[in-house]
Amino acid sequence: MAAPNVVTADTATESSFARTPAIRWVRQNLFSNWFNTAVTLALAYMILKGLYSFASWAVFNAVWTVEGTDTRPCREMSGVGACWAVIGEKHRFILFGIYPFDEQWRPLLAIFLFLGLYVVSAMRAFWNRWLAVIWAVGLTLIGALMWGGVFGLTYIENERWGGLPLTLILATFGIALAFPLSIFLALGRRSNLPAIRALSIVYIELIRGVPLITLLIMASVMFPLFLPEGVSIDKLLRAQVAIILFSAAYLAEVVRGGLQAIPKGQFEAADSLGLSYWQKTAKIILPQALQLVIPPLVNTFIGLFKDTSLVLIIGLFDLLTSAKGALLEPAWLGFGVEVYFFVSVIYFAFCFAMSRYSQNLEVELATGHKH
Amino acid sequence: MPPAHSTAKAANRPMIEMRDLNKWYGDFHVLKDINFTVGSGQKVVICGPSGSGKSTLIRCVNRLEEHQQGQLIVDGIELTNDIKNIEAIRREVGMVFQQFNLFPHLTVLENLTLAPIWVRKVPKKEAEEAAMHFLNRVHIPEQALKFPGQLSGGQQQRVAIARSLCMKPNIMLFDEPTSALDPEMIKEVLDVMIELANEGMTMVCVTHEMGFARTVADSIVFMDKGEIVESAPPTEFFAKPKSERTRLFLSQILGH
Ligand SMILES: Nc1ncnc2c1ncn2[C@@H]1O[C@H](COP(=O)(O)OP(=O)(O)O)[C@@H](O)[C@H]1O
Ligand SMILES: [Mg+2]
C-alpha cells in the first residue's frame, strides 16, 4: 500500500515545483516593471488578434464545400473566408497531377511506400544490410506501381507522373545518390593524388557556381542537342541527374567541413594500426565527420527537397507545378492562396519531420561518447 | 638459464635499423645523420629537449613521417614508398601516443577489435576474446563496454596500449605516453609498460620518466637539435655522461 502513496506524493511535489518556477519566470521576465508589462500586454493583444483573424478566415468564415463548380459562395466570401472547397475539388489533381484518374490509387500507394521506407530508414535497428534489401524491394514496387505494365497494371509513361509522388521521387533519389557522391567528392578534394584533387575541386566549384535552374534548363534543352540523332534520354531522368549533380557539389563542402574537424591523431592512430585508406575512412573518419555535420547536412537535404520544385521550369509536374495547374480551370481561378497553403503544409510536414529527426539523431549519437 | 640465453641470441637480430637517416621539413633539417639500431627484445628510451626531433624519429619507424635520405629497415623490411611494405610494417609495429588517440565513437572493446578484425581478418569472437585478455593485462576488463570519453586519462592510455597489443606487434613505440596524464595516473601506465618490458617486447619509448628508464632500458638515447648526441646503458648514462649537452639536460630534469 506504500507504493501508491509515494507516487501521489511525488506527483504532487513535482507539479507544485513545476508551477512555482513557471510563475516566477513569468513575473520576472514579462511583468517585472510597468514598461515590460505594457510591452507584454501589447504583444499579447497583437498575437491574439492575428490568431483570431487567421482563425476566422481559415475556420469560422471558411467555405468547405460548393455545388459542383459553382464557386459563387466562395467568391462572396473572398478575402473574408477561405475557400477550402477548392482543395476538396482539386486535391487529387494537386497530389497526382495528370496521372490517369482511375489509376490514382497507384501513386497513392507509392506515397505510402515512400513513407514506409522513410520510417524504416529512420530506425537504427534497421541500419544494416537489410536496409539495402528493403529499399531495393520498396523502389521496385514503387516503380512497378507507377509505370505498370506488370501484374495486369496498365502502362503509364512517366510523362504523366506528377504531384507528390514525383516530388518524392526527385527528392529521394536526389538525396540517396547525391549524398554518397558528395562523400567521394569531399574525400577527393582532400586526396593526395593531384589529378583526383583537381577534378574534385573543378567539379565542386563549377557546379556550385551556377544556379540549379540553369542546370535544369541545360539538362532539358541543351543536353539533347549533343546527343546523336534518334537517341533520347528521358526528361525526368535528365532533371533527376541535374538535381543529383547539383546537390552533390553542395553536400561535398558540408562533408569536407566534417572531415576537416577530425583531429590528426585519429588518422595517425588508424594508420599506426595498419588500417588501409578505405578502412580508415569508413570505420574511423566518416562516422565521426558525418555525425559532426548532421545539422548542415539536413539543412542541405531540406533545401534539396524544396528545390525539386524548380523542375516546373522544364515542365515536369511536381507537387508545386500541379498545384499551379489546378488553378488554371476558370471556375477555380483566384483561389491560389488556399491551394498554395495546402501544398505548403505538405512541404512543411516533410521538412519539419527531417529537421526533428536529425535533432533526435544528434542527441542519440552524442550520448555515450561525449567528452 | 635458457630465457636469458634466448634473449641474448634474439638481441642479435635487429628489429629497427636506421642508417644515415636524414629528414627535412622544408628548409628545416629535423633529423641529421641518424644511426640507430634496436635489437629484438631491446628496450630503448629516447630523451632530449623539446623540439629535438624525438617524435619525428620514432614516427619515421611506422611511416607516420617520411624520411628523405638514408635507409630504414624495420623487422627485415625496408621502408620505401611501397604502400604494401608500409602497411606490412604498420601491422607489426604498435604505437602509443601522448594524446591516447582512442576512437571516441567506438566502445573500448570495439577500439580493441577493429584492427584485428579488419587488418588481421581475425573472426569477431576470437578478436573479442583476445581483447578481453589484453584488457585484463592492463587491469581494466570492467571498462570494456564504455566509451573512451567515460574513462580517466590513465585508463584511456592503458586502453591505447591494449589496442596496440591486440595486433600482436613485434615492436612497440611510445611517444611520451605519460606526458598528458595527471601525476597520480602516471604510475598505473608505467606499471603496465614495465610488465610489457619484462615479457620481452621490443620497445622504443620517448619519455622523461628517468626512473622508468633506469629500471627498464637497455640503452638510453639522448637527442638534441636533430642529432643523436649520446647512447649508453642507463648506469653509464646517468653516472658519467660523455657530452656537456647531456650533462646539462640531466641536471635540468633531475635537478628538482
Ligand atoms: N609537420 C611539421 N612541419 C614543420 N616542422 C615540424 C613539423 N613537425 C615537427 N616540426 C618541427 O620539428 C622539430 C622536431 O619536432 P618533434 O620531433 O616533435 O620534437 P620532440 O618530439 O623532440 O619535441 C620541432 O622544431 C618542430 O617544430
Ligand atoms: Mg614529441
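The values are calculated or read from the model by the stated rules, or taken from the named source; none is laboratory data. Owing to the predicted nature of the structure, the values given are computational and were not obtained by experimental measurement. Quick reminder, even Gly has a Cβ in these numbers, built from the backbone with ideal geometry, and neighbours come from all protein chains shown. These accessible areas exclude ligands, DNA and RNA; they are computed on the full protein's heavy atoms, side chains included. Shrake-Rupley method; radii C 1.70, N 1.55, O 1.52, S 1.80 Å.
Details
- 10 Å Cβ neighbours from other chains, averaged over peptide A:274-284: 5
- Value at 222 nm in deg cm²/dmol, rounded to 500, when DSSP H runs of n ≥ 4 in chain A each add -39,500 (n - 2.57): -22500 deg cm²/dmol
- Inter-label distance, A:Trp25 to A:Ser121: 3.6 nm, where each label sits 7 Å from its Cα along the C-beta direction.
- Put A:Thr321, A:Thr140 in order of accessible area, highest first, and with a 1.4 Å probe you get A:Thr140, A:Thr321.
- Estimated 222 nm signal from helices in chain B, with DSSP H stretches of n ≥ 4 weighted -39500 (n - 2.57), rounded to 500: -12000 deg cm²/dmol
- Taking amide H positions as modeled 1.01 Å from N, with prolines and chain starts lacking one, the residues under 5 Å from B:Phe174 and 5 or more places away or on another chain are B:Val96, B:Val204, B:Cys205, B:Val206.
- Subtracting the Cα-Cα distance of A:Ala349 and A:Glu76 from their residue separation scaled by 0.36 nm leaves 95.1 nm.
- A:Thr172 accessible area, 1.4 Å probe, all protein chains in place, Å² to nearest 10: 20 Å²
- 10 Å Cβ shell holding at most 14 others, DSSP loop, GluC sites (Glu not before Pro): longest site-free stretch of chain A: A:230-371
- Its Cα centre serving as origin, the protein assembly as shown has a Cβ charge dipole (Lys and Arg +1, Asp and Glu -1) of approximately 300 debye.
- Restricting segment A:135-240 to chymotrypsin sites (Phe, Trp or Tyr not before Pro) that sit in a DSSP loop and have at most 15 other Cβ atoms within 10 Å of their own Cβ leaves A:Phe151, A:Tyr155.
- Each residue of segment A:38-54 is assigned a 3J(HN,Hα), and the resulting list reads 5, 4, 4, 5, 4, 5, 4, 4, 5, 5, 5, 5, x, 4, 5, 5, 4 Hz, derived from the Karplus form 6.51 cos²θ - 1.76 cosθ + 1.60 (θ = phi - 60°), x at Gly and Pro.
- Solvent exposure ordering (accessible area, 1.4 Å, most first) of B:Asp27, A:Asp318, B:Asp191: B:Asp27, B:Asp191, A:Asp318
- Chain A: relative contact order as a whole-number percent, Cα under 8 Å and 6+ apart: 19 percent
- Neighbours of B:Leu254 by Cβ distance under 12 Å: Lys/Arg scored +1, Asp/Glu scored -1, total +1.
- Two-decimal Rg/Rh across segment A:162-333, once Rg and the Kirkwood Rh are taken from alpha-carbon atoms: 1.09
- Share, in percent, of DSSP beta bridges within the protein assembly as shown that are antiparallel, nearest 5: 50 percent
- Whole-number accessible area per residue in Å² for segment A:162-333, which is evaluated in the context of all protein chains at 1.4 Å: 43 Å²
- Exposed GluC sites (Glu not before Pro) absent: longest stretch of chain B, with sites in DSSP loops and at most 13 other Cβ within 10 Å deemed exposed: B:67-198
- Using alpha-carbon coordinates, inclination of helix B:83-92 to the longest axis of chain B, degrees: 80 degrees
- Here the contact order of segment B:45-186, divided by its residue count and restricted to Cα pairs under 8 Å and six or more residues apart, works out to 30 percent.
- In a simple Cβ point-charge model (Lys, Arg +1; Asp, Glu -1; nothing else charged), segment A:209-334 has a dipole of about 240 debye relative to its Cα centre.
- Computed accessible area, B:Lys242, all protein chains, 1.4 angstrom probe, square angstrom: 140 Å²
- Summed side-chain charge close to A:Ser78 - residues other than A:Ser78 whose Cβ falls under 12 Å, Lys, Arg +1, Asp, Glu -1: 0
- With θ taken as phi - 60° and the Karplus curve 6.51 cos²θ - 1.76 cosθ + 1.60 applied, the whole-hertz 3J(HN,Hα) list for segment A:124-138 is 5, 4, 9, 7, 8, 4, 4, 4, 4, 5, 4, 5, 4, 5, x Hz, x standing for glycine and proline.
- Gain on full stretching of the segment that runs from A:Trp130 to A:Gln291 - 0.36 nm per residue minus C-alpha separation: 55.8 nm
- Amide H contacts under 5 Å for B:Glu230, placed H, 5+ residues apart: B:Phe222
- Spin-label model distance (nm) - B:Ile194 vs A:Leu206, 7 Å beyond Cα toward Cβ: 6.5 nm
- Percent accessible area from carbon and sulfur atoms, the protein assembly as shown, protein chains only, probe 1.4 Å: 64 percent
- In the complete set of protein chains, residue-level accessible area for B:His208 is approximately 80 Å², probe 1.4 angstrom.
- Taking the square roots of five times each eigenvalue of the Cα gyration tensor of segment A:247-371, the equivalent ellipsoid has semi-axes of 44, 16, 9 Å, listed largest first.
- Sorted from longest to shortest, the spans of the Cα atoms of the protein assembly as shown along the three principal axes equal 109, 80, 52 Å.
- Computed extension gain for A:Ile213 through A:Ile233, at 0.36 nm per residue and net of the alpha carbon distance, reaches 5.3 nm.
- Charge sum, other residues only, whose C-beta stays under 11 Å from B:Leu181's C-beta, Lys/Arg counted +1 and Asp/Glu -1: -3
- Loop-resident sites, segment A:142-200, for trypsin sites (Lys or Arg not before Pro), counting at most 15 other Cβ within 10 Å (DSSP): A:Arg190
- Sorting A:Tyr347, A:Tyr277, A:Tyr52 by accessible area puts them as A:Tyr52, A:Tyr277, A:Tyr347; the probe is 1.4 Å, largest comes first, and only protein heavy atoms count.
- Across segment B:1-159 the C-alpha pair distances fall into 10 Å bins from zero in the proportions 9, 29, 32, 25, 5, 0 percent.
- Distance in nm between pseudo-label sites at A:Ala38 and A:Phe184 (7 Å out along the Cβ direction from Cα): 6.6 nm
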